[in-house]
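Any read-out appearing in this document is the output of simple, stated calculations on the displayed coordinates, not a laboratory observation. Fair warning: this is a prediction, and the values are worked out from it, not measured in the lab. Positions of Cβ are generated from backbone atoms using ideal geometry, with glycine treated the same way; all protein chains shown enter the neighbour counts.
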Amino acid sequence: MLILVTGGAGYIGSHTCVALLEAGYSVVVADNLANSNKTVLVEVEKITGKKVQFYLIDVTDEANLDRLFKTHQFDGVMHFAGLKAVGESVEKPLLYYHNNILSTITLAKKCLEYGVKHFVFSSSATVYGENPSPLLETMELLPRTSPYGETKAISEQILKDLGRVNEHFAVALLRYFNPVGAHQSALIGEKPDGVPNNLMPFITQVARGKLKKLRVFGNDYPTIDGTGVRDYIHVCDLAEGHVAALEKLKPGVCIYNLGTGRGTSVLELIETFERVNGLKLPYEITARRPGDIAECYADVSKAKRELCWQARRTVADMCLDAWRFEENN
Ligand code: NAD
Ligand code: UFG
């Protein structure tokens with residue numbers, strides 16, 4: 001089985017390439033390297049001992065994508081390619097709408113033209129907006145006011161509409177919670193450009209001394225200790241969730257939360273990171289970050305029931321692996 005992985009040189013895509021190769025699939029990666037480096041795929045090959053075919057392609061470019069579909073008969077696609085910085089999407093909405101929506105449309109169009117029936121899409125818990133946790137797949141979507149979040153909700157809708165009228169098209173919309181950590185080899189992981197926006201890469205860079213101090217955005221939320229609560233999921237569990245979803249795909253559209261079902265506060269994450277890695281993290285409490293919500297964690301019973309998949313790795317594993325990757329890179 002040959003799978004096209006768009007955005008496969010990125011953080012989640014590269015870990016999923018490992019999971020796919022280890023499960024016996026062959027993989028072709030299409031990535032424009034807007035937020036990644038091709039050398040990541042050399043590491044994927046090192047980890048798995050298998051080849052990855054790479055194409056430098058922008059997925060919004062129909063002519064190039066068409067050539068790729070002519071060259072390979074894919075059995076399925078996993079669509080990770082996208083821009084993901086929430087703040088940047090507020091500053092540059094057109095860039096986000098263009099890239100994230102056009103890539104989904106162009107890829108889906110090629111799948112239908114070439115008879116590729118299996119489509120797995122990277123969505124986000126952000127589509128739940130302010131719904132109360134635990135978040136359930138059946139909840140009405142309340143996209144947050146970020147263009148990034150809108151691109152995920154709109155892409156989901158496009159794929160739902162296509163699933164409705166193409167009886168053989170099988171789509172999984174995977175709503176990720178907060179992916180963190182790295183492959184235990186420490187060869188691949190998250191490498192944000194510049195100052196990170198997200199908590200875990202910020203923590204590892206403070207621990208490394210690249211950044212002076214962590215800012216905890218608010219301690220007056222109605223949560224266990226007043227700091228924001230999220231459902232952190234180890235990126236390797238997330239990657240395995242994709243393989244499970246691919247294997248269970250059936251005609252129509254299925255939506256799955258990929259999280260652990262457990263919430264962890266910012267202070268709990270800091271405490272775990274310090275404890276398992278034997279480090280001290282300098283931090284200060286600052287004002288809330290605009291747009292943040294108090295808590296966001298998944299109800300994962302549907303994925304467990306239907307995909308026979310559940311996250312196995314602990315928050316301690318996430319902290320150990322994230323730090324090992326930082327130290328090695
Ligand atoms: P990433 O930036 O590491 O990977 C995305 C990859 O897509 C990059 O390699 C980038 O170069 C590529 N890309 C972007 N636009 C492209 C285009 N038009 N054509 C070809 N390649 C393109 O991000 P990630 O964390 O691995 O996220 C993967 C997907 O999961 C994204 O769609 C993201 O929105 C989604 N997601 C991520 C998170 C998260 O917290 N990391 C959470 C929810 C959803
Ligand atoms: N936080 C800090 N200090 C920091 C960074 C974050 O205290 O320097 C806090 C945030 O306030 C929040 C928690 O840590 O309470 C997690 O923040 P992240 O930025 O790591 O993650 P978010 O949950 O805000 O956002 C992530 C992805 C989005 C996606 C969303 C889905 O970055 O792309 O999950 O719910 F939309």
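Sorted from fewest to most neighbouring beta carbons within 10 Å, what does the list Thr151, Thr223 look like?
Values: Thr151 28, Thr223 18.
Exposure proxy ranking, most exposed first: Thr223, Thr151.
Using packing as a proxy for protection, rank 253-264, 124-135 so that the peptide with the highest average count of other Cβ atoms within 10 Å comes first. Write down the numbers at each step before the final one.
Details: 253-264: 22.9, 124-135: 19.9.
Put in order of decreasing packing, that is 253-264, 124-135.
Tell me which residues come under 5 Å, amide H to amide H, from Tyr283 once H is placed; ignore anything under 5 positions away on its chain.
The answer is Leu214.
What distance in nm separates the two pseudo spin-label positions at Val90 and Asp193, each 7 Å out from Cα along the beta-carbon direction?
Label at Val90, label at Asp193, 2.0 nm between them.
So what are the ³J(HN,Hα) numbers for the range 265-274, from phi and the Karplus equation (6.51, -1.76, 1.60; θ = phi - 60°), rounded to whole Hz, Gly and Pro as x?
So the Karplus estimates, Gly and Pro as x, are 7, 4, 5, 5, 5, 4, 4, 5, 4, 5 Hz.
Report the gain in length on full extension from Asp220 to Val165: 0.36 nm times residue separation, minus Cα-Cα distance, nm rounded to one decimal.
On the way: separation 55, 0.36 × 55 = 19.80 nm, distance 4.74 nm.
Using 0.36 nm per residue and subtracting the Cα-Cα distance, I get 15.1 nm.
Here is the link list: Lys51/Lys92; Lys84/Lys248; Lys110/Lys302; Lys38/Lys110; Lys46/Lys92. Which ones come out longer than 32 Å on Cα distance? Numbers along the way, then the final one.
Details: Lys51/Lys92 36 Å; Lys84/Lys248 27 Å; Lys110/Lys302 30 Å; Lys38/Lys110 24 Å; Lys46/Lys92 37 Å.
From the list (Lys51/Lys92; Lys84/Lys248; Lys110/Lys302; Lys38/Lys110; Lys46/Lys92), the Cα-Cα distance tops 32 Å for Lys51/Lys92; Lys46/Lys92.
Beyond 36 Å, what percent of the Cα pairs of the chain remain?
Within the chain, distances greater than 36 Å cover 14 percent of Cα pairs.
To make sure I understand the rule: partners must be aspartates and glutamates, Cα under 17 Å from the Cα of Lys210, and not fewer than 8 residues away in the same chain. Which ones qualify?
Here the aspartates and glutamates satisfying the reach criterion relative to Lys210 are Glu190, Asp193, Glu274, Glu284, Glu326, Glu327.
Set the Förster radius R0 to 41 Å, insert the Cβ-Cβ distance between Lys51 and Arg289 as r into 1/(1 + (r/R0)^6), and round the FRET efficiency to 0.05.
Numbers: r = 42 Å, r/R0 = 1.03.
Working from the Cβ atoms, E equals 0.45.
Output wanted: per-residue J couplings in Hz (rounded whole) for the range 229-235, from phi through Karplus 6.51 cos²θ - 1.76 cosθ + 1.60, θ = phi - 60°, x for Gly and Pro.
10, 9, 9, 7, 10, 5, 4
Tabulate in residue order the Karplus-calculated ³J(HN,Hα) for the range 236-249, using 6.51 cos²θ - 1.76 cosθ + 1.60 with θ = phi - 60°, rounded to whole Hz; enter x for Gly and Pro.
6, 5, 4, 4, 5, x, 5, 5, 4, 5, 4, 5, 9, 4
Given H placed 1.01 Å from N in the peptide plane, which residues other than close sequence neighbours of Leu249 have an amide H under 5 Å from its amide H?
none
May I ask what percent, to the nearest 5, of DSSP beta bridges between residues of the chain are antiparallel?
Numbers: 2 of 42 bridges.
If we restrict to bridges inside the chain, about 5 percent are antiparallel.
Quick one: which of 224-233, 93-102, 63-72 comes out on top by average Cβ neighbours within 10 Å, and what's the full order, highest first? If you can, show how the numbers build up before the last one.
Numbers: 224-233: 21.8, 93-102: 17.0, 63-72: 15.1.
Peptide ranking by packing, descending: 224-233, 93-102, 63-72.
State the Cα centre-to-centre distance between the range 138-169 and the range 287-307 in whole Å.
18
Amide H to amide H, which residues 5 or more places from Val5 or on other chains are under 5 Å from it, using H placed in the peptide plane?
Distant-sequence amide H within range of Val5: Val28, Val29, Ala30, Met78.
Cross-link candidates for Lys213: which lysines have Cα within less than 18 Å, leaving aside residues fewer than 8 places away along the same chain?
Lys280
Rounded, prolate or oblate: which fits the range 15-71 when a ≥ b ≥ c are the square roots of the eigenvalues of the alpha-carbon gyration tensor, with rounded for a/c under 1.5 and prolate only if a/b beats b/c? Walk me through the intermediate numbers first.
Working: a/c = 2.65, a/b = 1.57, b/c = 1.68.
Oblate, since a/c reaches 1.5 and b/c is not below a/b.
Once the principal axes of the Cα atoms of the range 90-160 are found, what is the range along each, listed largest first in whole angstroms?
Ordered largest first, the range 90-160 gives principal extents of 41, 30, 13 Å.
Just the C-alpha atoms of the range 37-181: what Rg/Rh do they give, with Rh taken as the Kirkwood radius? Before the final figure, lay out each step's value.
Values: Rg = 16.3 Å, Rh = 16.6 Å.
When Rh is taken as the Kirkwood radius, the ratio is 0.98.
Using +1 at the Cβ of each Lys and Arg and -1 at the Cβ of each Asp and Glu in the range 31-75, identify which of Ser36, Gln53, Gln73 lies farthest towards the dipole's positive end.
Gln53
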